[in-house]
Amino acid sequence: MDIHSLLKLLSDGQYHSGSELGASLGVTRAAVWKALKRLTQFNLEIKSDKNRGYQLVGGLELLDCDAIEELLPEKTKSSISLTLALKVDSTNLRLLEINDNGGRQNRYSVSMAEMQTAGRGRRGQPWISPFGKNIYLSIGFNLPGGVEVLNGLSLVVGIAVIRMLRSQGIEGAKLKWPNDIWIGSKKLGGILVELKGEATTDWYVVAGIGLNVRMTELDGRNIDQLWTSICEHHECSRNRLAAGLIENLVEVLCLFKEQGFDGFMGEWSQYDLLKGRQVKLSAGNIEGVATGIDSKGALLVDTGDEQLTVNAGEVSVRPNET
Ligand code: BTN
(Lines give C-alpha, C1' and ligand atoms only; values in the text may rest on other atoms or scores of the structure.)
Protein backbone atom coordinates (compact mmCIF):
# COMPACT_ATOMS: atom_id res chain seq x y z
CA MET A 1 0.00 0.00 0.00
CA ASP A 2 1.07 3.55 -0.69
CA ILE A 3 2.13 4.93 2.70
CA HIS A 4 2.05 8.47 1.33
CA SER A 5 -1.76 8.20 1.03
CA LEU A 6 -1.98 6.87 4.57
CA LEU A 7 0.11 9.77 5.82
CA LYS A 8 -2.15 12.23 4.03
CA LEU A 9 -5.16 10.83 5.87
CA LEU A 10 -3.38 11.03 9.22
CA SER A 11 -1.84 14.45 8.61
CA ASP A 12 -4.86 16.27 10.11
CA GLY A 13 -3.79 15.10 13.58
CA GLN A 14 -7.23 13.61 14.29
CA TYR A 15 -8.05 10.03 15.32
CA HIS A 16 -8.97 7.67 12.47
CA SER A 17 -10.17 4.13 13.01
CA GLY A 18 -8.48 1.23 11.25
CA SER A 19 -11.66 0.43 9.33
CA GLU A 20 -12.11 4.05 8.24
CA LEU A 21 -8.50 4.19 6.99
CA GLY A 22 -8.90 0.82 5.27
CA ALA A 23 -12.10 1.94 3.54
CA SER A 24 -10.53 5.19 2.32
CA LEU A 25 -7.50 3.37 0.99
CA GLY A 26 -9.33 0.32 -0.36
CA VAL A 27 -7.41 -2.16 1.82
CA THR A 28 -8.06 -4.36 4.84
CA ARG A 29 -7.53 -3.28 8.46
CA ALA A 30 -4.63 -5.70 8.63
CA ALA A 31 -2.99 -3.95 5.67
CA VAL A 32 -3.50 -0.60 7.41
CA TRP A 33 -1.86 -1.95 10.54
CA LYS A 34 1.13 -3.19 8.54
CA ALA A 35 1.45 0.15 6.78
CA LEU A 36 1.30 1.97 10.12
CA LYS A 37 4.26 -0.09 11.27
CA ARG A 38 6.20 1.07 8.20
CA LEU A 39 5.67 4.68 9.31
CA THR A 40 8.02 4.12 12.25
CA GLN A 41 10.92 4.71 9.81
CA PHE A 42 9.95 8.42 9.84
CA ASN A 43 10.15 8.76 13.65
CA LEU A 44 6.63 10.10 13.83
CA GLU A 45 4.61 9.89 17.02
CA ILE A 46 1.53 7.82 16.23
CA LYS A 47 -0.86 7.07 19.08
CA SER A 48 -3.18 4.14 18.96
CA ASP A 49 -6.35 3.99 21.03
CA LYS A 50 -8.56 0.92 21.25
CA ASN A 51 -11.76 2.90 20.74
CA ARG A 52 -10.72 5.86 18.62
CA GLY A 53 -8.06 4.38 16.30
CA TYR A 54 -4.82 6.03 15.24
CA GLN A 55 -3.59 9.59 15.60
CA LEU A 56 -0.53 11.32 14.21
CA VAL A 57 0.23 13.49 17.21
CA GLY A 58 0.23 17.18 16.35
CA GLY A 59 -0.59 16.53 12.67
CA LEU A 60 1.63 17.90 9.96
CA GLU A 61 1.55 19.82 6.72
CA LEU A 62 2.87 17.39 4.12
CA LEU A 63 4.56 18.76 1.05
CA ASP A 64 2.38 18.45 -2.01
CA CYS A 65 3.69 18.83 -5.59
CA ASP A 66 0.29 19.83 -6.98
CA ALA A 67 -0.18 22.51 -4.34
CA ILE A 68 3.34 23.82 -4.95
CA GLU A 69 2.90 23.90 -8.74
CA GLU A 70 -0.41 25.68 -8.37
CA LEU A 71 1.37 28.49 -6.54
CA LEU A 72 4.01 28.89 -9.27
CA PRO A 73 3.77 31.34 -12.15
CA GLU A 74 3.32 29.59 -15.53
CA LYS A 75 6.80 30.71 -16.61
CA THR A 76 8.45 28.99 -13.65
CA LYS A 77 6.29 25.88 -13.90
CA SER A 78 7.26 25.32 -17.51
CA SER A 79 10.98 25.50 -16.77
CA ILE A 80 11.17 23.00 -13.90
CA SER A 81 10.67 19.32 -13.28
CA LEU A 82 9.72 18.74 -9.67
CA THR A 83 10.11 15.53 -7.68
CA LEU A 84 9.18 14.88 -4.07
CA ALA A 85 10.24 11.87 -2.01
CA LEU A 86 9.22 10.91 1.49
CA LYS A 87 12.75 9.79 2.36
CA VAL A 88 16.06 10.11 0.50
CA ASP A 89 19.70 10.05 1.49
CA SER A 90 20.28 13.58 0.22
CA THR A 91 18.37 15.66 -2.33
CA ASN A 92 21.71 17.01 -3.58
CA LEU A 93 23.01 13.52 -4.12
CA ARG A 94 19.85 12.46 -5.95
CA LEU A 95 20.32 15.25 -8.51
CA LEU A 96 24.09 14.76 -8.82
CA GLU A 97 23.56 11.11 -9.59
CA ILE A 98 20.71 11.59 -12.01
CA ASN A 99 21.99 14.72 -13.77
CA ASP A 100 18.73 14.53 -15.63
CA ASN A 101 18.18 17.72 -17.50
CA GLY A 102 20.08 16.23 -20.40
CA GLY A 103 22.07 19.35 -21.13
CA ARG A 104 19.01 21.52 -21.73
CA GLN A 105 20.10 25.07 -20.97
CA ASN A 106 16.99 26.54 -19.48
CA ARG A 107 15.66 23.63 -17.50
CA TYR A 108 15.86 23.21 -13.75
CA SER A 109 15.41 19.91 -11.92
CA VAL A 110 14.03 20.38 -8.43
CA SER A 111 14.27 17.59 -5.88
CA MET A 112 12.54 17.82 -2.52
CA ALA A 113 12.15 15.40 0.36
CA GLU A 114 10.24 15.15 3.61
CA MET A 115 13.27 13.58 5.28
CA GLN A 116 16.96 13.05 4.50
CA THR A 117 18.91 10.20 6.04
CA ALA A 118 22.30 11.55 4.94
CA GLY A 119 21.68 15.28 4.52
CA ARG A 120 24.90 17.01 3.55
CA GLY A 121 26.07 20.27 5.09
CA ARG A 122 29.11 22.35 4.25
CA ARG A 123 32.59 21.20 5.25
CA GLY A 124 31.43 17.57 5.41
CA GLN A 125 28.98 18.23 8.27
CA PRO A 126 25.68 16.32 8.38
CA TRP A 127 22.48 18.30 7.88
CA ILE A 128 19.85 17.27 10.42
CA SER A 129 16.74 16.49 8.38
CA PRO A 130 13.76 15.23 10.42
CA PHE A 131 10.56 14.17 8.66
CA GLY A 132 7.95 16.74 7.69
CA LYS A 133 9.43 19.63 9.68
CA ASN A 134 11.65 21.62 7.36
CA ILE A 135 12.50 22.33 3.72
CA TYR A 136 15.13 20.20 1.98
CA LEU A 137 15.26 21.33 -1.63
CA SER A 138 17.89 21.00 -4.35
CA ILE A 139 17.91 22.57 -7.76
CA GLY A 140 20.07 21.25 -10.59
CA PHE A 141 20.95 23.00 -13.85
CA ASN A 142 23.59 23.37 -16.53
CA LEU A 143 25.95 26.31 -16.54
CA PRO A 144 28.31 27.03 -19.45
CA GLY A 145 31.91 26.12 -18.68
CA GLY A 146 34.81 28.24 -17.44
CA VAL A 147 35.98 28.92 -13.92
CA GLU A 148 34.87 32.53 -13.82
CA VAL A 149 31.18 31.63 -14.41
CA LEU A 150 31.08 30.25 -10.88
CA ASN A 151 31.92 33.58 -9.24
CA GLY A 152 29.24 34.50 -6.76
CA LEU A 153 27.06 31.50 -7.64
CA SER A 154 26.47 30.34 -4.09
CA LEU A 155 25.85 33.92 -2.98
CA VAL A 156 23.02 34.46 -5.47
CA VAL A 157 21.30 31.35 -4.15
CA GLY A 158 21.30 33.08 -0.74
CA ILE A 159 19.72 36.14 -2.34
CA ALA A 160 16.89 33.97 -3.69
CA VAL A 161 16.27 32.60 -0.18
CA ILE A 162 16.14 36.07 1.40
CA ARG A 163 13.83 37.37 -1.34
CA MET A 164 11.49 34.47 -0.71
CA LEU A 165 11.50 35.02 3.07
CA ARG A 166 10.80 38.73 2.68
CA SER A 167 8.01 38.14 0.18
CA GLN A 168 6.32 35.95 2.80
CA GLY A 169 6.64 38.59 5.50
CA ILE A 170 9.62 37.01 7.26
CA GLU A 171 11.83 40.02 7.93
CA GLY A 172 15.24 40.31 9.50
CA ALA A 173 16.96 37.34 7.86
CA LYS A 174 20.57 38.03 6.82
CA LEU A 175 23.28 36.22 4.91
CA LYS A 176 26.39 35.22 6.77
CA TRP A 177 29.12 34.90 4.16
CA PRO A 178 29.23 32.89 2.08
CA ASN A 179 25.68 31.61 2.28
CA ASP A 180 24.30 30.80 5.71
CA ILE A 181 20.90 32.25 6.48
CA TRP A 182 20.67 33.75 9.95
CA ILE A 183 18.07 35.56 11.99
CA GLY A 184 19.63 37.51 14.85
CA SER A 185 22.44 35.35 16.19
CA LYS A 186 20.93 32.03 15.13
CA LYS A 187 21.19 29.96 11.98
CA LEU A 188 17.93 29.47 10.10
CA GLY A 189 19.27 27.61 7.10
CA GLY A 190 22.17 26.80 4.87
CA ILE A 191 23.14 26.29 1.26
CA LEU A 192 25.41 23.66 -0.21
CA VAL A 193 26.47 24.08 -3.84
CA GLU A 194 28.00 21.04 -5.48
CA LEU A 195 29.34 20.72 -9.02
CA LYS A 196 29.88 18.12 -11.65
CA GLY A 197 31.92 18.73 -14.77
CA GLU A 198 35.00 20.74 -15.60
CA ALA A 199 35.92 24.20 -16.77
CA THR A 200 36.06 23.17 -20.45
CA THR A 201 32.54 21.76 -20.62
CA ASP A 202 29.23 22.72 -19.04
CA TRP A 203 29.03 22.49 -15.27
CA TYR A 204 26.13 20.61 -13.79
CA VAL A 205 25.36 22.63 -10.70
CA VAL A 206 23.32 21.41 -7.76
CA ALA A 207 22.36 24.00 -5.17
CA GLY A 208 20.81 22.50 -2.05
CA ILE A 209 18.91 24.58 0.46
CA GLY A 210 18.00 23.48 3.96
CA LEU A 211 15.61 25.73 5.90
CA ASN A 212 14.40 25.06 9.42
CA VAL A 213 10.67 25.58 9.48
CA ARG A 214 9.20 23.73 12.44
CA MET A 215 12.16 21.98 14.00
CA THR A 216 11.70 20.90 17.63
CA GLU A 217 14.31 21.07 20.42
CA LEU A 218 14.47 17.28 20.30
CA ASP A 219 15.14 17.22 16.54
CA GLY A 220 17.86 19.83 16.86
CA ARG A 221 19.54 18.50 20.01
CA ASN A 222 22.70 17.46 18.12
CA ILE A 223 23.21 20.71 16.26
CA ASP A 224 26.39 22.27 17.61
CA GLN A 225 25.46 25.91 17.07
CA LEU A 226 22.59 28.24 17.84
CA TRP A 227 19.70 27.65 15.47
CA THR A 228 16.18 28.86 14.90
CA SER A 229 13.11 27.93 12.85
CA ILE A 230 10.86 30.09 10.70
CA CYS A 231 7.80 29.29 12.82
CA GLU A 232 9.46 30.98 15.81
CA HIS A 233 9.29 34.23 13.87
CA HIS A 234 6.28 33.95 11.59
CA GLU A 235 3.27 31.79 10.71
CA CYS A 236 4.11 29.83 7.60
CA SER A 237 3.17 27.02 5.26
CA ARG A 238 5.89 24.69 4.00
CA ASN A 239 4.20 24.42 0.62
CA ARG A 240 4.11 28.20 0.23
CA LEU A 241 7.72 28.47 1.33
CA ALA A 242 8.76 25.79 -1.16
CA ALA A 243 6.88 27.42 -4.03
CA GLY A 244 8.33 30.83 -3.19
CA LEU A 245 11.78 29.34 -3.00
CA ILE A 246 11.48 27.66 -6.42
CA GLU A 247 10.10 30.82 -8.02
CA ASN A 248 12.87 33.02 -6.65
CA LEU A 249 15.61 30.50 -7.39
CA VAL A 250 14.62 30.17 -11.04
CA GLU A 251 14.35 33.94 -11.43
CA VAL A 252 17.70 34.67 -9.80
CA LEU A 253 19.55 31.81 -11.51
CA CYS A 254 18.26 32.75 -14.99
CA LEU A 255 19.53 36.30 -14.46
CA PHE A 256 22.81 35.04 -13.01
CA LYS A 257 23.35 32.85 -16.09
CA GLU A 258 22.83 35.85 -18.36
CA GLN A 259 24.64 38.55 -16.40
CA GLY A 260 26.87 36.94 -13.77
CA PHE A 261 27.27 38.22 -10.22
CA ASP A 262 27.83 41.95 -10.88
CA GLY A 263 24.16 42.91 -10.84
CA PHE A 264 23.64 41.18 -7.48
CA MET A 265 26.49 42.73 -5.48
CA GLY A 266 24.47 45.68 -4.18
CA GLU A 267 21.60 43.48 -3.06
CA TRP A 268 23.90 40.97 -1.36
CA SER A 269 25.49 43.83 0.61
CA GLN A 270 22.07 44.81 1.98
CA TYR A 271 21.75 41.35 3.53
CA ASP A 272 25.39 41.07 4.66
CA LEU A 273 25.43 40.01 8.33
CA LEU A 274 29.20 40.38 8.76
CA LYS A 275 29.81 43.81 7.28
CA GLY A 276 31.47 46.06 9.83
CA ARG A 277 31.83 43.24 12.33
CA GLN A 278 34.89 41.77 13.94
CA VAL A 279 35.45 38.34 12.41
CA LYS A 280 37.83 35.48 12.90
CA LEU A 281 39.08 33.33 10.05
CA SER A 282 39.44 29.69 10.99
CA ALA A 283 42.43 29.29 8.69
CA GLY A 284 45.50 30.92 10.18
CA ASN A 285 43.70 32.24 13.25
CA ILE A 286 43.45 35.69 11.70
CA GLU A 287 41.14 38.40 13.01
CA GLY A 288 39.84 41.53 11.38
CA VAL A 289 36.82 43.54 10.37
CA ALA A 290 34.65 42.29 7.51
CA THR A 291 34.25 45.11 5.02
CA GLY A 292 32.02 43.49 2.41
CA ILE A 293 32.55 41.40 -0.70
CA ASP A 294 34.30 41.91 -4.03
CA SER A 295 32.91 41.41 -7.53
CA LYS A 296 33.79 37.72 -7.42
CA GLY A 297 31.86 37.16 -4.21
CA ALA A 298 34.99 36.88 -2.05
CA LEU A 299 34.88 38.25 1.51
CA LEU A 300 37.02 41.28 2.29
CA VAL A 301 38.60 41.45 5.72
CA ASP A 302 40.60 44.36 7.08
CA THR A 303 43.13 43.06 9.63
CA GLY A 304 44.52 46.50 10.39
CA ASP A 305 47.73 45.64 8.55
CA GLU A 306 46.23 44.54 5.27
CA GLN A 307 43.02 43.92 3.35
CA LEU A 308 42.50 40.17 2.91
CA THR A 309 40.44 38.61 0.13
CA VAL A 310 38.90 35.39 1.39
CA ASN A 311 37.56 32.98 -1.23
CA ALA A 312 34.55 30.76 -0.70
CA GLY A 313 35.38 27.34 0.63
CA GLU A 314 38.88 28.21 1.81
CA VAL A 315 38.11 29.39 5.25
CA SER A 316 35.24 29.56 7.67
CA VAL A 317 34.37 32.83 9.22
CA ARG A 318 32.81 33.27 12.62
CA PRO A 319 31.63 36.53 14.07
CA ASN A 320 33.20 37.12 17.49
CA GLU A 321 30.09 38.95 18.60
CA THR A 322 26.60 38.00 17.55
C1 BTN B 1 25.18 24.16 5.50
O2 BTN B 1 25.98 23.40 6.06
O3 BTN B 1 24.90 25.26 5.98
C4 BTN B 1 24.55 23.73 4.19
C5 BTN B 1 23.35 22.88 4.43
C6 BTN B 1 22.65 22.44 3.16
C7 BTN B 1 21.54 21.45 3.44
C8 BTN B 1 20.70 21.17 2.23
S9 BTN B 1 19.22 20.31 2.61
C10 BTN B 1 18.91 20.05 0.93
C11 BTN B 1 20.24 19.72 0.30
N12 BTN B 1 20.53 18.31 0.41
C13 BTN B 1 21.60 18.07 1.17
O14 BTN B 1 22.05 16.95 1.43
N15 BTN B 1 22.10 19.21 1.62
C16 BTN B 1 21.36 20.35 1.13
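The values are calculated or read from the model by the stated rules, or taken from the named source; none is laboratory data. Just so we're clear, the structure is a prediction, and the values are computed from it rather than from any experiment. Counting neighbours? That spans all protein chains shown, and the Cβs are built from the backbone with ideal geometry, glycine included.
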*If you check SER5 against the conditions, is it in a helix (DSSP H, G or I) and among the hydroxyl-bearing types (Ser, Thr, Tyr)?*
yes
_Being basic (Lys, Arg) and near the ligand (Cβ under 9 Å from one of its atoms) is the filter here; which residues of the range 182-197 pass it?_
LYS187
*Residue selected from the range 241-261 under the condition among the acidic types (Asp, Glu) and touching a residue at least 24 places away in the same chain (Cβ under 8 Å), by the criterion surrounded by the fewest Cβ atoms within 10 Å (Cβ to Cβ)*: GLU251
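The rows are residues; the columns are (1) modelled with pLDDT under 95; (2) acidic (Asp, Glu).
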site: ARG107; (1), (2): yes, no
site: ALA113; (1), (2): no, no
site: GLY124; (1), (2): yes, no
site: PHE141; (1), (2): yes, no
site: GLY152; (1), (2): yes, no
site: ALA160; (1), (2): no, no
site: MET164; (1), (2): no, no
site: GLU171; (1), (2): yes, yes
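Conditions (1) within 14 Å of the ligand (Cβ to nearest atom); (2) within 16 Å of the chain's Cα centre (by Cα); (3) not β-branched (Val, Ile, Thr), marked per residue:
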| residue | (1), (2), (3) |
| --- | --- |
| GLU171 | no, no, yes |
| ASP180 | yes, yes, yes |
| ARG214 | no, yes, yes |
| ARG221 | no, no, yes |
| GLN225 | yes, no, yes |
*Of all helices (runs of 4 or more DSSP H) completely enclosed by the range 40-148, which ones contain at least 2 residues that are touching a strand residue (DSSP E or B) at 6+ places or on another chain (Cβ under 8 Å)?*
65-70, 91-98
*Which one of these does ARG166 not meet: (1) at negative phi; (2) crowded, with 16+ Cβ neighbours inside 10 Å?*
(2)
_Scan the range 32-41 and tell me whether some residue there is buried (at least 17 other Cβ atoms within 10 Å of the Cβ), closer than 21 Å to SER129 by Cβ and hydroxyl-bearing (Ser, Thr, Tyr)._
no
_Boolean, LEU86 is under 14 Å from the mean Cα position of the chain (by Cα), touching a residue at least 12 places away in the same chain (Cβ under 8 Å) and closer than 26 Å to TRP227 by Cα_ = no
*Only one of (1) within 9 Å of the ligand (Cβ to nearest atom); (2) within 19 Å of ARG238 (Cα to Cα); (3) assigned to a helix (DSSP H, G or I) is not met by ILE162, so which one is it?*
(1)
*What are the pairs, 6+ residues apart or on separate chains, where a residue within the range 157-181 that is within 24 Å of THR76 (Cβ to Cβ) has its Cβ under 8 Å from a residue that is assigned to a helix (DSSP H, G or I) and of a type in the set (Ser, Thr, Tyr)?*
ASN179/SER154
*asked:* Quick check on the range 114-136: of everything there that is more than 8 Å from the ligand (Cβ to nearest atom) and among the small types (Gly, Ala, Ser), which residue is surrounded by the most Cβ atoms within 10 Å (Cβ to Cβ)?
replied: GLY132
*How many of the residues making up the range 224-240 are outside any loop (DSSP other than H, G, I, E, B) and either touching a Phe, Trp or Tyr at 6+ places or on another chain (Cβ under 7 Å) or surrounded by fewer than 23 Cβ atoms within 10 Å (Cβ to Cβ) (or both)?*
5
_Residue that is at pLDDT 95 or above, surrounded by 19 or more Cβ atoms within 10 Å (Cβ to Cβ) and of a type outside the set (Asp, Glu), where the choices are LEU7, LEU86, LEU71_ = LEU7
_I'd like to check something: does the range 247-258 contain any residue that is β-branched (Val, Ile, Thr) and at pLDDT below 95?_
no
*asked:* Based on this model, can you work out whether LEU60 counts as closer than 16 Å to LYS133 by Cα and touching a His at 6+ places or on another chain (Cβ under 9 Å)?
replied: no
*Given the residues LEU188, LEU143, which is the only one that is buried (at least 18 other Cβ atoms within 10 Å of the Cβ) and more than 26 Å from ASP219 (Cβ to Cβ)?*
LEU143
